[in-house]
Structure formats: structure tokens, C-alpha cells
Amino acid sequence: MGKMKFYAIKSPSVQKIVTSWPECEKLTHGVKGCLFKSFATRSDAEAWLSGVSETHEEGLRIYVDGSFTPGFDRAGWAFIAVENDQQIGSGSGVTDLPAESRNIDGELTASLHALAWLKEHGRTGVICHDYEGIARWAKGEWKANKPIAIRYKEAVQEFPNAKFEKVPAHSGVKWNEAVDQLAKKAIADTQAREKAAKQAIKNAAMQTAKPVPAKTAEAPVPAQTKTPERMPSPGESLDLFG
């Protein structure tokens with residue numbers, strides 16, 4: 001008798017675990033948008049259904065996150081590379097294009113930057129994320145509909161050996177909290193730089209348009225009369241204008 005397998009089934013209408021292939025096939029065949037996967041243990045199958053990926057041995061981990069601030073059109077992204085609980089690398093910024101799906105744009109961008117960092121440094125590691133779609137789209141388990149998801153799904157194919165691990169969001173995980181703050185800071189720093197640049201342009205324009213004071217007309221110089229060298233004698237007249 002073969003070892004028992006657990007088949008996790010996930011569709012828009014059903015989430016279920018069965019223990020035989022015929023039953024799994026019956027529930028999944030021809031069902032649009034249905035995903036299924038076999039596991040050796042029920043706990044792994046339940047984790048997959050809940051969006052928690054399998055855990056990996058200790059080693060290099062890169063925590064990624066995205067952020068979005070209303071009133072700012074782009075999303076923030078960040079990653080922190082950690083080995084032996086020590087930060088050995090990081091990166092952050094904002095997306096090149098306006099965010100289509102708020103912080104999700106930043107999440108996916110951060111994942112790609114983290115994978116590129118691994119490749120650049122010739123390392124292997126695990127991408128630790130709190131947004132489920134990072135791994136789902138990379139593994140082809142989710143259909144990509146929006147342009148940002150389509151671009152991510154295509155770009156991530158450059159890293160076929162990528163490993164992913166889902167971590168709980170906002171639950172006190174040290175490095176996940178740190179990367180969350182770094183993504184937020186990326187937006188704040190960009191806003192500050194852009195505000196300063198706009199103010200500098202405005203100041204320069206005001207300086208260029210500053211009016212030149214009008215030249216005041218000079219007051220006419222009164223004509224001077226010649227001072228007589230001596231007083232005229234009685235009956236004598238002097239020419240005062242030479």
C-alpha cells in the first residue's frame with residue numbers, strides 16, 4: 001500500500017483536502033480557476049490552503065515589503081537581506097510608474113529587486129514576504145490579470161530557482177517590521193526630495209521674474225548766475241551773464 005497523500009484543492013468556491021487522486025480529479029477536472037497540490041502531511045496541505053508556504057532551513061533570507069500613502073501616486077518598496085540575524089544588504093525606493101494596486105505594486109517590485117540582489121551577489125536565499133501573491137504568481141498558482149501582476153509574473157521567470165516563504169504581517173516578526181518601515185521611509189524621503197525640488201524651481205522662477213526698479217528722472221540743475229567780482233559804481237551796469 002502506497003503512502004497516503006493529501007490533496008489540497010483551492011477554487012473560487014471550494015477549499016478542501018482529500019486523500020485520494022480520483023476524488024481530487026473529480027472535484028478539479030474542468031473547474032475554471034481551480035488549483036490543487038499534493039502533500040505528504042495534512043498540516044502542509046492546510047498551510048498551503050491558508051497561504052502559508054513551506055518553511056526552509058536557516059540561511060540567507062531577504063525580507064520584502066511594499067507601502068502606499070494616499071496622496072502619493074507611487075508605491076514604496078524595500079528589501080533587507082539577513083544572515084545569522086545580521087543585516088548584510090538592503091534596498092528601497094518607489095515604483096517607476098503610478099501604483100495600480102496600491103501597496104501590491106511595491107510588494108512585487110521589492111521581490112524582483114531582492115531576487116536581482118541575490119543574482120548580483122551570486123547567492124541563494126529565501127524571499128520572505130507577507131503578501132501571498134508574491135509566491136503564488138511566481139509559481140504560476142495565480143492567474144495574473146492586472147498589468148502589474150502580468151509584468152511581475154513575466155519578470156520573475158528570470159529566477160527559476162527562487163524560494164519563497166510567507167511570514168505573518170504586522171505580528172512582531174523583527175525583520176518584517178523593519179522592512180515595512182523602510183518601505184514607508186522610501187515614500188517619505190521621495191516626497192521630501194520632490195517638494196524641495198519644486199520649491200527650488202519656484203524660487204528660481206520668482207527670482208527671474210523680479211521687476212527691475214524704474215530709473216528716476218534727474219532734477220534739472222538750475223542755471224548759475226555769474227557773481228560780480230565788484231559792486232558797480234553808481235550809474236555803471238555789469239553784464240552778469242558774460
Quick one: with all protein chains in place, what share of the accessible area of the stretch 88-131 is carbon or sulfur, to the nearest percent (1.4 Å probe)? 50 percent
Compute the separation of the alpha-carbon centres of the stretch 114-141 and the stretch 151-209 and state it in Å as a whole number. 18 Å
Difference of contour (0.36 nm per residue) and Cα-Cα distance, L60 to N84: 7.9 nm
How much accessible area does D189 have with a 1.4 Å probe, in Å² rounded to the nearest 10? 60 Å²
Compare F36, F6, F68, F164 by solvent-accessible area with a 1.4 Å probe and give them largest first, with all protein chains kept in place. F36, F68, F6, F164
At a Förster radius of 45 Å, what calculated FRET efficiency corresponds to the Cβ-Cβ distance of V173 and A205, to the nearest 0.05? 0.40
Charged-residue dipole, Cβ positions (Lys, Arg, Asp, Glu), the stretch 1-151 about Cα centre, Debye nearest 20: 740 debye
Nearest-20 debye value, the stretch 118-167 charge dipole, Cβ charges on Lys, Arg, Asp, Glu: 120 debye
Keeping all protein chains in position, work out how much accessible area H121 exposes to a 1.4 Å probe, and write it in Å² to the nearest 10. 90 Å²
Longer than 32 Å from Cα to Cα, which of K5/K153; K10/K163; K5/K119 are they? Say none if no pair is. K5/K119
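The values are calculated or read from the model by the stated rules, or taken from the named source; none is laboratory data. Because the structure is predicted, anything quoted here is derived from the model rather than measured. Using ideal geometry, Cβ is built from the backbone for each residue, glycine included, and neighbour counts are taken over all protein chains shown. Remember, those area values only see protein heavy atoms, side chains included, never the ligands or the DNA or RNA. Shrake-Rupley method; radii C 1.70, N 1.55, O 1.52, S 1.80 Å.
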